[in-house]
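Read the structure below first, then the notes.
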Amino acid sequence: MSVWPDHYFYQNPSIATPFIKENVSPASIDLTLAPEYIDLRDNSRHTMGDGLDLWPGVAILASTIERIALPVTCAALVLLKSSAARKGLDHALAGWVDPGFEGDLTLELHAHRPVTLRPGERLVQLVVFDLTSPPLRPYSVTGRYQGQRGPTEAR
């Protein structure tokens, strides 16, 4: 497998829609926080408004503004940006994106100290890998979260 460099993202802008050229890094693309979230204390849905104060011990499901469309020849990792981690934020370990996935990415977010989240903020980065060959059964055939919109609870 090889990691996509910046110019692959420029050549394949449909990987993240809307595509924001300024969010491309040397080997990843930053993704931004959508305003909707699910409070995991009671599974209630909310909108952040101008921001959300996330406190230690509270977890939410959020999603990216960008809609991801991975070719069947690629897989990806969703990683928390170091600047978000330095503020005390943590992204749970469900960060693998299978070949052929299409939809919004759901993020499980926790705070180690009080953190304010803002819609549109760059929180995670998508690192895309080329596979040595396409899978026999891509996620577009097998995935139960294919086409998901907004933060999505476990199915």
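The values are calculated or read from the model by the stated rules, or taken from the named source; none is laboratory data. None of these values were measured; they are calculated from a predicted model. Positions of Cβ are backbone-derived with ideal geometry, glycine not excepted, and every protein chain shown enters the neighbour counts. Ligands, DNA and RNA are excluded from the accessible area calculation, which covers all protein heavy atoms including side chains. Shrake-Rupley method; radii C 1.70, N 1.55, O 1.52, S 1.80 Å.
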Original post:
Just to be sure, is Val141 open to solvent by less than 60 Å² (accessible area, probe 1.4 Å) and more than 17 Å from Arg67 (Cβ to Cβ)?
Top reply: no
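Answer yes or no as to whether Ala94 is free of Cβ contacts under 8 Å to residues at least 40 places away in the same chain, of a type outside the set (Val, Ile, Thr), farther than 25 Å from His7 by Cβ and part of a helix (DSSP H, G or I).
Details: free of Cβ contacts under 8 Å to residues at least 40 places away in the same chain: yes; of a type outside the set (Val, Ile, Thr): yes; farther than 25 Å from His7 by Cβ: yes; part of a helix (DSSP H, G or I): no.
No; evaluated as a whole, the condition is false for this residue.
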**OP:** Could you grab me the full set of residues in segment 67-91 that are closer than 30 Å to Ser133 by Cα and free of Cβ contacts under 8 Å to residues at least 60 places away in the same chain?
**Re:** Arg67, Ile68, Ala69, Pro71, Ala76, Leu77, Val78, Leu79, Leu80, Lys81, His91
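Each row is one residue, and each column tells you yes or no for (1) β-branched (Val, Ile, Thr); (2) without any contact (Cβ under 8 Å) to a residue 24 or more places away in the chain; (3) open to solvent by 60 Å² or more (accessible area, probe 1.4 Å); (4) within 24 Å of Lys81 (Cα to Cα).
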| position | (1), (2), (3), (4) |
| --- | --- |
| Val115 | yes, no, no, yes |
| Val128 | yes, no, no, yes |
| Pro134 | no, no, yes, no |
| Gly147 | no, no, no, no |
| Pro151 | no, no, no, yes |
Original post:
Do the conditions hold for Leu107, that is, is it farther than 26 Å from Ile15 by Cα and crowded, with 20+ Cβ neighbours inside 10 Å?
Top reply: no
**OP:** Go through segment 41-95 and give me each residue that's crowded, with 20+ Cβ neighbours inside 10 Å and within 30 Å of Leu136 (Cβ to Cβ).
**Re:** Ser63, Thr64, Glu66, Ile68, Leu70, Cys74, Ala75, Ala76, Val78
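Suppose we filter segment 1-23 for residues that are surrounded by 15 or more Cβ atoms within 10 Å (Cβ to Cβ) and under 21 Å from Pro119 (Cβ atoms); how many remain? Step through it out loud before you land on a result.
Kept after step one, since they are surrounded by 15 or more Cβ atoms within 10 Å (Cβ to Cβ), are these residues of segment 1-23: 4, 8-9, 12, 15-16, 19-20, 23.
Retained after the next criterion (residues that are under 21 Å from Pro119 (Cβ atoms)): 16, 19-20, 23.
So the count comes out to 4.
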